[in-house]
Each structure stands twice: as structure tokens, then as C-alpha cells.
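See structure below.
The values are calculated or read from the model by the stated rules, or taken from the named source; none is laboratory data. Treat the numbers as computed from the prediction; the structure is a model and nothing was measured. No Cβ is skipped: glycine too gets one built from the backbone with ideal geometry, and neighbour counts run over all protein chains shown.
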Amino acid sequence: MAISLTDRLTRLKDYLPANLAPELSGRLTRSVGLTLECVGCPMVVGDRCLIQGETTGAVEAEVVGFEDDRVYLMPLTAVEGLRPGARVVPLSAASRVPVGPELLGRVVNGTGEPLDGKGSLKAQAQVSLFGEIINPLNRAPVRQSMDVGIRAINALLTVGQGQRLGLFAGSGVGKSMLLGMMTRFTDADITVVGLIGERGREVKEFIEDILGEEGLARSVVVASPADDSPLMRLRAAMLTTRIAEYFRDQGKRVLLLMDSLTRYAQAQREIALAVGEPPATKGYPPSVFAKLPQLVERTGNGKPGGGSITAFYTVLTEGDDQQDPIADAARAILDGHIVLSRRLAEEGHYPAIDVEASVSRVMPQVTDDAHFARAQRFKQVYSRYQQARDLISVGAYVPGSDPETDFAIEHIEAMRQFLHQGLRESAPLQASIEQLMNVVPGRTEGNPSSVSGAGS
Ligand SMILES: Nc1ncnc2c1ncn2[C@@H]1O[C@H](COP(=O)(O)OP(=O)(O)OP(=O)(O)O)[C@@H](O)[C@H]1O
Ligand SMILES: [Mg+2]
């Protein structure tokens, strides 16, 4: 009896491998500068793919744009060994990254692979690189103070749990040192540090010298130095945020330190210019300014009763120019800024925090009235001294001509000492507030009587 065609095909099917789904792939047609072009493969912006190298292994890339039927790819690592016509295979799964308590004390790169030679990472969970976006109305408001272990900040620029601040300074003024002190002295449950686009040498120095064993034990470090591809640097910034989100969702009080937001913006600029977006402000294409809030808005408080991410982002103000477009954009989207002054650093006054130029927008909500009033008083007296500083230094100020200035001269040394903090000296929040109460008397305690014009 003749076997029907259907039966024959059904039998033959058993001999075929199980996963015989056709594999979709495209071809590499062009490589210019940082971007690669591919045809023949339908992919959407944000998709990941693997490009088969000739001699080296496969290179991971991400779709960053398209034109007609060509898609633009940005590789995650170096592209040596790719040839025209190389196969481009789309990856179906979204990017997943390792998270979990095993990350504590570890240093990883932008894809979550360990860099510290302490063996492979057996992370508890793999999560999507993009965390859930919290409805702003469901976020807990910033109401509690956060101890960052720096006296000048704790007392005069008190930070709230879930607040996001910028640390604005030119190069070499002490940003990294200050972040390192915070990691060692903060009372946050966990610190997540993102070293984005800084010098490779600095990564090692930061971990060994600034962070030290003690700081590293309670921290997770994500490092992507300047020689990483721009996409890797962006991923590292996102991974830093994602790890912080994971710990926040576990109910932890997280401190996120990112050094630097400017390098993150520059990585975005490199990508945007490479795919042909026109530059707008000082060479930055508009998409850079859209990307900044997308990163920063992910930190902050979670739902009420949950954990929090208090974040510090360093912002490089080139040539100490506070009008830099990234500095401007950052100032607008952050809830406060701490400015480091080159003049103070040159005088050897560290941390070089310029208390007059710095502001914590949530301070009134997280401090009591007495503390807030005394911090204001400190700033007024300090400011009065700075105004008269030039006159005083050339001996042109006549003591007795202005009681408020006399008062400032009398207290300036104590104030300077209060603001100064050694690298190894911790300054807990309560102790900082108590010291503030002692360093400058309140208005009613032995102040000159004619200070009413001192502004408040
Ligand atoms: N608290 C401090 N005590 C003593 N010296 C300090 C302190 N902070 C910074 N310095 C000095 O300033 C130098 C530069 O500091 P740091 O590397 O933190 O600056 P930066 O702003 O991060 O620089 P860059 O922009 O190059 O990354 C240090 O090498 C050190 O000599
Ligand atoms: Mg630095």
C-alpha cells in the first residue's frame, strides 16, 4: 500500500534537528568612524546583535539608528577583525545584567563582568538593564536626612534620602577624593559607584587608595574608563543605576556616586554625532539633553516605605565655567549642587566646598528649624567675611567700622576649621550639627546688636 505524502513527511520530521527555525541574519556593508552599517536584517532601535568577526570572536553591537533599509550599529567593544559582508545576527533577548548581594566588594565593567580578578560572579539574579519606571506620584517624598560623612555637607547643605545632587568642579579640584570619603564615611546601607569615562589609571587608584578595603566592602563599583567604547560607557552608567535600583527595591538606603555625568553626556554625544545628528549647543546634539534626565530620573526614592537612592553626580565645569551646557542642564534636573572651588583647593583647604555657591534644595524639608537657621547664619557670617576679604588682606579694613564684619573676622578661623576635614576623618551627621551649633553663636547669643541688615 502506498504511503501518503503526509505520512512520509511526518516520519522524516523525526530525523530533523528540533530547532530548525530559520536564522535571520544581515550583512555588514560599511564601517565609518564609530558606526557600522548593516542591511538585510529587520531590527529596531535598541536591539542587540552579534557581528561575526573574521579572526576575532563575535562583537556585540546595538542598533542606534537607521536610514531607509540600512541600520546603524554601535559596537560594544573594539571592531578590529570585521570585514565587509560580515554576518550580523540579531539577539532575541534584551540585555540582562547580574544583580544581588554577591556584587558587594566587586568591581565590574559595563556588561557586569568582573574586572577585579576575584573570580566569576555568581549573581543571585539576572535582570533587564532597564528598570521599571516609577510613577512620580507614587514616589515617597524626600523627608529624612542622609548622613554622607562630610561635615560641611551634613551641617550646611544637608542631603535628604532620595535627593539627587551635582558635584560641580573643574578638573583636579578634589571630586574623586570627596566621593571616596563619602563611600567610607556615609551611613548608607550600600554605596554603588560608577566610574564612567575617567582615566583608566584612576580606576585602580580610586579603588585601592581612595576607597580602600573598608569602603569597597560596602560598595559595588562599575568602571568604564575613557578607552571603552561610548556604548560601553553608557551601559556602565545604566548598570550603575540598575544595581542601585535593585538594592533600593530590597528596601535599602543606597548612595549612588557617579563620576562623571559629563563623561556620560560625552559618550552620548559621540554616538549621536556618529549617526549624523547635528550638533547644537557647544557640539552637543539635542539627544544628549534628553538622555540626561532619563538617567537621573531613575534614582531617588522608591514607593513609600521602600528604599531610596540618594545620588551624587560629578559634573566637570571646564575651565571652571559654570555656564557649560552640561552643567546648566544638570543644575536644572538635579535637586541641589555642591560646587568645589579651585581657589580653596589652591589654598590647601580640603574638601574645597564653596559653601556660598552650593545649595541643597531639600534642606528645609529634612532639617529642624534650629539647625536650618544656624546653617543660614553660618553662611551669612562666612559670606560677610568673603565680601570684606580683599580689604582685610591689604589692611584697609578698619576694625569697628562694621560690627557684622568684626563678628565675621572674630569667627572666621573657627569656621575654616569647621569646614576643613582630613581625608581619614569621619564626620557623622549628629556630630556635625552639634559642632555647627558651637562654631557660630545664634543671633540672640552674643551677636553684635546691629546685625539686622545682614540679610536672611
Ligand atoms: N581631601 C583632600 N585632602 C588632601 N588633598 C586632596 C584632597 N582632595 C583632593 N586633594 C588633592 O587634589 C588632587 C586631585 O584630586 P581628585 O583626583 O579628587 O580631583 P578630581 O576633581 O577628581 O580630578 P579630575 O577632574 O582629574 O578627575 C589629589 O591628587 C590631591 O592631591
Ligand atoms: Mg576624578
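When Y15 is tested against (1) of a type outside the set (A, V, I, L, M, F, W, C); (2) under 36 Å from the mean Cα position of the chain (by Cα); (3) surrounded by fewer than 18 Cβ atoms within 10 Å (Cβ to Cβ), exactly one condition is not met: (2). Do we have any residue at all in the stretch 38-45 that's part of a loop (DSSP other than H, G, I, E, B), under 30 Å from the mean Cα position of the chain (by Cα) and over 20 Å from R269 (Cα atoms)? Within the stretch 38-45, one or more residues are part of a loop (DSSP other than H, G, I, E, B), under 30 Å from the mean Cα position of the chain (by Cα) and over 20 Å from R269 (Cα atoms). L239 meets the conditions (1) buried (at least 24 other Cβ atoms within 10 Å of the Cβ); (2) of a type in the set (A, V, I, L, M, F, W, C); (3) within 15 Å of ligand 2 (Cβ to nearest atom) in every case but one. The failed one is (3). Exactly one residue out of V148, V71, V88 is modelled with pLDDT of 85 or more and under 22 Å from the mean Cα position of the chain (by Cα): that is V148.
Among the strands (runs of 3 or more DSSP E) contained in the stretch 146-240, which hold 1 or more residues that are away from ligand 1 (no atom under 16 Å from the Cβ) and among the hydroxyl-bearing types (S, T, Y)? Answer list for the stretch 146-240: 190-196, 219-224. Can you pull out every residue in the stretch 338-368 that is more than 16 Å from ligand 2 (Cβ to nearest atom), in a helix (DSSP H, G or I) and either of a type in the set (A, V, I, L, M, F, W, C) or under 20 Å from Q161 (Cβ atoms) (or both)? Listed by number, the residues that qualify are L344, M363, P364, Q365, V366.
The residues listed here are A311, A267; of these, the one that is part of a helix (DSSP H, G or I), in contact with a Leu (Cβ under 7 Å, 6 or more places away or on another chain) and surrounded by 23 or more Cβ atoms within 10 Å (Cβ to Cβ) is A267.
Beta carbons closer than 6 Å, at least 6 apart along the sequence or on distinct chains, pair a first residue in the stretch 170-194 that is closer than 17 Å to A244 by Cα and within 14 Å of ligand 2 (Cβ to nearest atom) with a second that is outside any loop (DSSP other than H, G, I, E, B) and hydroxyl-bearing (S, T, Y) for T183/T191; T183/S219; V193/S219; G194/T240. Do we have V79 as of a type in the set (V, I, T), touching a Leu at 6+ places or on another chain (Cβ under 9 Å), buried (at least 16 other Cβ atoms within 10 Å of the Cβ) and modelled with pLDDT of 90 or more here? For V79, the condition - of a type in the set (V, I, T), touching a Leu at 6+ places or on another chain (Cβ under 9 Å), buried (at least 16 other Cβ atoms within 10 Å of the Cβ) and modelled with pLDDT of 90 or more - is not met.
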